[in-house]
Amino acid sequence: MAASDAIVGVVVPMFNAEHTIAATLGSICRQTHHPLDIVVVDDGSTDGSAAIVATWRARDNRVRLIHQDNAGVAAARNAGAAATTAPYLAFVDADDLWAPEKIASQLAVLEATGPEVGLVYCWFASIREDDRVVSFGPQALEEGCVLESLLAANWIGTGSSLLLRRAAFEAAGGYDAGLRAAGAQGAEDIQLCCRVAERSEFRVVPRYLVGYRFSPNGMSRQALRMFRSLEIVLDGMAARHPDSRDRIANHLQDARYWFSWRALAGGQVRDATRIALEAVARRPLAAPLRFAAKAVETAVGRVRRRLGIGLPSLPFYGEAIW
């Protein structure tokens with residue numbers, strides 16, 4: 001099948017996203033690759049999200065809406081994947097954006113390779129509520145058998161950057177809805193990527209094709225929960241891959257630094273302190289130095305922003321982004 005004819009199933013899990021879902025659907029429907037089966041899964045929303053999706057359905061019959069009682073993002077993604085028969089699957093959160101060539105660029109890579117390649121990712125830029133860029137995500141160039149590298153660091157960053165073969169998604173068991181039951185949602189994306197990497201090769205499109213909606217308050221309120229989710233996922237991977245325990249331990253320690261700062265930025269001092277104390281307990285000498293370096297970096301960043309030095313306030317769809 002030619003790349004231009006391949007149907008891609010696009011799954012959008014949605015919960016109370018009335019302020020962002022229209023922009024997200026707009027970015028999906030503007031993809032240069034037209035054969036899309038767009039499945040929005042309403043995960044028990046109580047706002048006007050569903051009505052907004054209905055208006056998009058009226059103007060673009062590729063958009064479908066299915067409903068489920070609130071069961072969490074993993075269950076919603078799995079429901080959306082089950083609702084389409086497309087041979088390729090892409091997932092995008094209901095507040096993120098795609099650049100117009102996102103799917104076409106990734107699909108061209110998958111179509112040019114064999115079944116040993118199960119997943120293609122791309123780079124992302126963090127964006128504010130007004131769609132302007134805050135920062136750029138990791139510029140990863142990892143390809144091939146990437147499991148060891150992925151266990152050492154989450155250079156994927158967001159599930160909105162993935163395009164997968166359905167076969168690879170199903171072989172990995174889909175998304176793990178059990179994390180929600182454990183009160184630890186947040187690391188479903190890295191877990192899926194690790195499970196795909198156990199069986200398949202990865203490829204990358206080294207372009208900023210995803211706008212990841214950065215919400216400092218929302219992220220910080222969930223920092224401890226998201227760290228616990230990552231801890232559960234990586235502990236599980238350590239049990240499956242005991243030879244990688246050291247790199248996984250380093251990954252978790254780096255995550256403690258990052259999530260403690262995210263919690264502190266949102267005023268969640270108790271959670272920030274809890275995570276930071278765990279970091280110090282594990283590495284009493286190195287951790288204080290890391291936190292001190294981060295404090296200096298943060299102070300310098302604030303001064304640069306006040307002086308107007310550094311990253312310009314670019315719109316996500318600005319040419320400079322990719």
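In this rough spin-label picture, where each label sits 7 Å from Cα along the Cβ direction, the LEU314-ALA239 distance is 4.3 nm. Placing pseudo-labels 7 Å out from each Cα toward the beta carbon at PHE291 and CYS145 gives an inter-label distance of 4.0 nm. Helices in the chain, meaning DSSP H runs of at least 4 residues, each add -39500 (n - 2.57). Divided by all residues, the mean residue ellipticity at 222 nm is -14000 deg cm²/dmol.
Peptides 152-164, 41-53, ordered by how many other C-beta atoms sit within 10 Å of their residues on average, highest first, read 152-164, 41-53. A Förster distance of 30 Å, applied to the separation of the beta-carbon atoms of ASP69 and THR32, puts the FRET efficiency at 0.25. In the chain, the longest principal axis of the Cα atoms and the axis of helix 188-197 are about 80 degrees apart. The magnitude of the dipole of the chain, with charges of +1 and -1 set on the Cβ of Lys/Arg and Asp/Glu and taken from the Cα centre, is near 1040 debye.
Ordered from longest to shortest, the equivalent ellipsoid semi-axes for region 147-274 are 24, 18, 14 Å, each the square root of 5 times a Cα gyration tensor eigenvalue. Axis of helix 223-240 versus longest Cα principal axis of the chain: the two differ by about 80°, to the nearest ten degrees. Measuring r between the beta carbons of ALA83 and VAL269 and using R0 = 35 Å, the FRET efficiency lands at 0.25.
What is the ratio of the Cα radius of gyration of region 214-306 to 2.2 N^0.38 Å, where N is its residue count, to two decimals? Could you put the intermediate results ahead of the total?
On the way: Rg = 14.3 Å, N = 93, 2.2 N^0.38 = 12.3 Å.
Ratio of Cα Rg to 2.2 N^0.38 Å: 1.16.
Between region 228-283 and region 173-203, what is the separation of their alpha carbon centroids in Å? The two parts, judged by their Cα centres, are 17 Å apart.
Estimated from the Cβ-Cβ distance and a Förster radius of 30 angstrom, the FRET efficiency linking ARG166 and SER4 is about 0.95.
Laboratory data are not the source of any read-out in this text; all were calculated from the coordinates shown. Bear in mind that the values here come from a model prediction, so they are computed numbers and not experimental data. Ideal geometry is used to build each Cβ from the backbone, glycine not excepted, and the neighbour counts take in all protein chains shown.
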